[in-house]
Protein chains: 2
Amino acid sequence: MIISNPVGVEANKALLAAADAAVLAHRDALAKHSPAELSAIRMEGADGTPTMFIDVLVEDAIIAAATAAGVNVLSEERGWVDVGSAVTLVVDPVDGSANAAAGIPLACFSAAVAIDGEFTEALTVWLHTDERWWATREHSEFRTSGRTTVAGAAVSMLRPHPRNWEAWSRVAETAGRIRILSCSTLDAAFVATGAIDAFVDAGSDTHRLMDIAAATILVGASGGAVLDAFDRPIGFDTDLTRRWSGIVAATAELAAELRALIQDGAASRTTT
Amino acid sequence: MIISNPVGVEANKALLAAADAAVLAHRDALAKHSPAELSAIRMEGADGTPTMFIDVLVEDAIIAAATAAGVNVLSEERGWVDVGSAVTLVVDPVDGSANAAAGIPLACFSAAVAIDGEFTEALTVWLHTDERWWATREHSEFRTSGRTTVAGAAVSMLRPHPRNWEAWSRVAETAGRIRILSCSTLDAAFVATGAIDAFVDAGSDTHRLMDIAAATILVGASGGAVLDAFDRPIGFDTDLTRRWSGIVAATAELAAELRALIQDGAASRTTT
């Protein structure tokens, strides 16, 4: 697949090599293993969460490709693989692994390039179809919807948990249309293209850096805003135990209203 | 795409012609029209709901193909197109039109064949990829997950509405994992294959016959059960103003527990 490239900027070669490796490893994993095998928990990852076998298979392929291309990798299971480069790929090998392992074809490879600790470009690839969304910090071929208010907005959400049921419900009741696709990076790509208006973790603190790193570039360069519901800065960090409640929105105004709704519901009373 | 056909039964030719017409018309619509054009409401359909332009475009192509093949069509916008055949295709031209029009590639052509008023076979086609799920009343190559209880189940739901918020929440709180894909017929295909355990309209009475007709065959022949949350029979009917709250489940036991949860929450207190 050719990445459309209106400004003559070339994508990082290690990033493309990692994406290609992920697509092939994912295809191979689905061909060779059953859903039960793919969803089996193989270990606790460096990020402190259980890692499925499908994650291990794809991550191994990505690390091999990226380190062969001379860059570091920060990923959920192995953590920080430092080959001494100024360049690090912050990678989610299979975002939506529960989907992928079960046979729901909504899962993505997603990575952000960090150079000396600053995100510079990002790529999300839908593993089922090899469709790709790429942008640099300065240039994106995509444009968000431009929506500024939650009322009437199409908002994708992480599924609710008991710990954030109230905040989740406030967002669901205020928005115009709710979806739960269970694939954060695909949702973020849809915000970048304007297919949906926002994607949120409504305060469950589920997001790890690799779930939202690509969004900061893809959506930021497409006119949108990415922030944390509780105002924690989102940036390169090798401490993989950190968590965020990411808000990925078409505009800064929409992001701010979603943040207020999640924090305490104040916005829902004043703006809708 | 070849439909796998382990038992030597051939798919109805009018059904295949309608599906092919839908795939081409959908592709053509996305190439020629903007999201705003595709989602514009063109008329109130025969089913009493607003019809988007994308629905009109794809339905017209389906009706032309099916009637050329000599069968009747029952569809959301035009209603009952009777060419005097004993065979009727009950068609959802673009299930998930809101997804399709916005640029979220989760939308399906779905149809059930009714012969003298009895459903005999069904086909659902994912319009973005042309992946197909087909079965007859007697034979399916798919198998549901076999799950019998809501606790721990992967359940897809229609999005919540104020009128069914409580029942929706009971299901969401009891199930193991919730998704909202906004495409009923794709969800039903995932129940047939075992990728998810159930799909429900949690009592909002949103489902029209064409949203669940294919599921009765696809999921029924794959070991699952399809019923209405309020015990209304689901069958061929040319009155398109009828509505159901469909429950599409891996087993009859799981369907019954979901029905009880939606009706009054009794099951959640006794079985989980």
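The values are calculated or read from the model by the stated rules, or taken from the named source; none is laboratory data. Model, not experiment: these values are computed from the prediction. Quick reminder, even Gly has a Cβ in these numbers, built from the backbone with ideal geometry, and neighbours come from all protein chains shown. Side chains included, ligands, DNA and RNA excluded: accessible areas come from the protein's heavy atoms. Shrake-Rupley method; radii C 1.70, N 1.55, O 1.52, S 1.80 Å.
Yes or no: region A:50-63 includes at least one residue that is without any contact (Cβ under 8 Å) to a residue 12 or more places away in the chain, outside the structural domain of A:Thr241 (by the TED database) and small (Gly, Ala, Ser).
Restricting attention to region A:50-63, the residues satisfying the condition of being without any contact (Cβ under 8 Å) to a residue 12 or more places away in the chain are A:50.
With the extra rule that they be outside the structural domain of A:Thr241 (by the TED database), the set shrinks to A:50.
Going one step further and asking which of them are small (Gly, Ala, Ser), we end up with none.
Checked region A:50-63: no residue is without any contact (Cβ under 8 Å) to a residue 12 or more places away in the chain, outside the structural domain of A:Thr241 (by the TED database) and small (Gly, Ala, Ser).
Restricting attention to region B:81-109 and to residues that are within 18 Å of the chain's Cα centre (by Cα) and among the acidic types (Asp, Glu), the residue that is surrounded by the most Cβ atoms within 10 Å (Cβ to Cβ) turns out to be B:Asp92.
For A:Arg132, are the conditions met, namely being closer than 25 Å to B:Leu181 by Cα, of a type in the set (Lys, Arg) and assigned to a strand (DSSP E or B)?
Working: closer than 25 Å to B:Leu181 by Cα: yes; of a type in the set (Lys, Arg): yes; assigned to a strand (DSSP E or B): yes.
Yes: the conditions hold for A:Arg132.
Can you confirm whether A:Ala122 is more than 9 Å from chain B (Cβ to nearest Cβ), part of a strand (DSSP E or B) and within 26 Å of A:Ser97 (Cα to Cα)? Answer is yes for this residue.
A Cβ distance below 6 Å, combined with a sequence gap of six or more or placement on separate chains, defines the contacts here; from region B:129-155, residues that are under 30 Å from B:Leu30 (Cβ atoms) reach residues that are open to solvent by 50 Å² or more (accessible area, probe 1.4 Å) in the pairs B:Asp130/B:Met1; B:Arg132/B:Met1; B:Glu141/B:Ser4; B:Glu141/B:Pro6; B:Phe142/B:Thr193; B:Ala154/B:Arg177. Listed here are the strands (runs of 3 or more DSSP E) enclosed by region A:177-234 that have at least 2 residues being away from every other protein chain (no Cβ under 14 Å) and polar (S, T, N, Q), and there are none.
For region B:239-262, check the following and say yes or no: at least one residue is within 13 Å of chain A (Cβ to nearest Cβ) and modelled with pLDDT of 95 or more. Looking through region B:239-262, at least one residue is within 13 Å of chain A (Cβ to nearest Cβ) and modelled with pLDDT of 95 or more. Scanning region A:39-80 for residues that are part of a strand (DSSP E or B), touching a Leu at 6+ places or on another chain (Cβ under 8 Å) and surrounded by fewer than 17 Cβ atoms within 10 Å (Cβ to Cβ) turns up A:Gly79, A:Trp80.
In region A:110-138, how many are within 13 Å of A:Ile217 (Cβ to Cβ) and exposed (fewer than 15 other Cβ atoms within 10 Å of the Cβ)? Explain how you work it out, then say what you get.
Filtering region A:110-138 down to residues within 13 Å of A:Ile217 (Cβ to Cβ) leaves A:110-115, A:118-124, A:133-138.
Now narrow it down to the ones that are exposed (fewer than 15 other Cβ atoms within 10 Å of the Cβ): A:118, A:138.
Of the residues in that region, 2 qualify.
Which of the residues spanning region B:161-171 are surrounded by 22 or more Cβ atoms within 10 Å (Cβ to Cβ) and at the interface with chain A (Cβ under 10 Å from one of its Cβ atoms)? Correct list: B:Trp168 only.
Of everything in region B:230-243 that's touching a residue at least 40 places away in the same chain (Cβ under 8 Å) and open to solvent by less than 50 Å² (accessible area, probe 1.4 Å), which residue is nearest to B:Ala198 (Cα to Cα)?
Within region B:230-243, the subset touching a residue at least 40 places away in the same chain (Cβ under 8 Å) is B:235-236, B:238, B:240-241.
If we keep only those that are open to solvent by less than 50 Å² (accessible area, probe 1.4 Å) as well, we get B:235, B:240.
Values: B:Gly235: 20, B:Leu240: 25 Å.
By that ranking, first place goes to B:Gly235.
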